[in-house]
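Asks: Before I ask anything, here is the structure I am working with.
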Amino acid sequence: MKEEKQKIILNLKKARSHIEKIIKMVEDEEECIFLMQQNLAVIGLLRSSHEMMLRRHLSRCLGKAFSSGSEKTKREMIEDVITVSKLFKR
């Protein structure tokens, strides 16, 4: 789990760095195609980070909720995952 957490942090830091570069590129009025390529790189990093976070959540939090035996907790966790999944597809 610790390794996955480090990968998430690394992806987010890379995305932040790319965004700073994109801002500079826009300010410098660089070619649109290069801006879009960098933007897609950020989107890819954020998607990857999201997928790792979801995997981590499912293995840690959802697992705990299901082992708790509480039907209410299980339903709430399932609804949380569904909500986040719908937002991810937008």
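Asks: Identify, among Gln37, Gly63, Ser49, the residue whose Cα sits farthest towards the positive end of the charge dipole of the stretch 32-84, taking +1 on the Cβ of Lys and Arg and -1 on the Cβ of Asp and Glu, with the dipole about the Cα centre.
Replies: Looking along the dipole axis, the top candidate is Gly63.
Asks: What is the dipole size for the chain, taken about its Cα centre, with +1 at each Lys and Arg Cβ and -1 at each Asp and Glu Cβ, in debye to the nearest 20?
Replies: About 680 debye.
Asks: For the chain, report the translational diffusion coefficient in µm²/s to the nearest whole number, using Stokes-Einstein at 4 °C, 1.567 mPa s, and a Kirkwood Rh over Cα pairs.
Replies: Taking Rh from Cα pairs, D becomes 85 µm²/s.
Asks: Run the count for the chain, please: Lys pairs, Cα-Cα under 20 angstrom, 8 or more apart or on different chains.
Replies: Number of lysine pairs found: 12.
Asks: Report relative contact order for the chain in percent, whole number only (criteria: Cα-Cα under 8 Å, sequence separation at least 6).
Replies: 29 percent
Asks: Can you bin the stretch 47-90 into rounded, prolate or oblate? Criterion: square roots of the alpha carbon gyration tensor eigenvalues sorted a ≥ b ≥ c, rounded for a/c under 1.5, prolate for a/b above b/c, oblate for the rest.
Replies: Cα axes put the stretch 47-90 in the oblate bin.
Every read-out reported here was derived from the displayed coordinates using simple, explicitly stated rules and does not represent laboratory data. This one's a predicted model, so the numbers in the text were calculated from it and none came from an experiment. Heads up, the Cβs are rebuilt from the backbone with ideal geometry, glycines too, and the neighbour counts pull from every protein chain shown.
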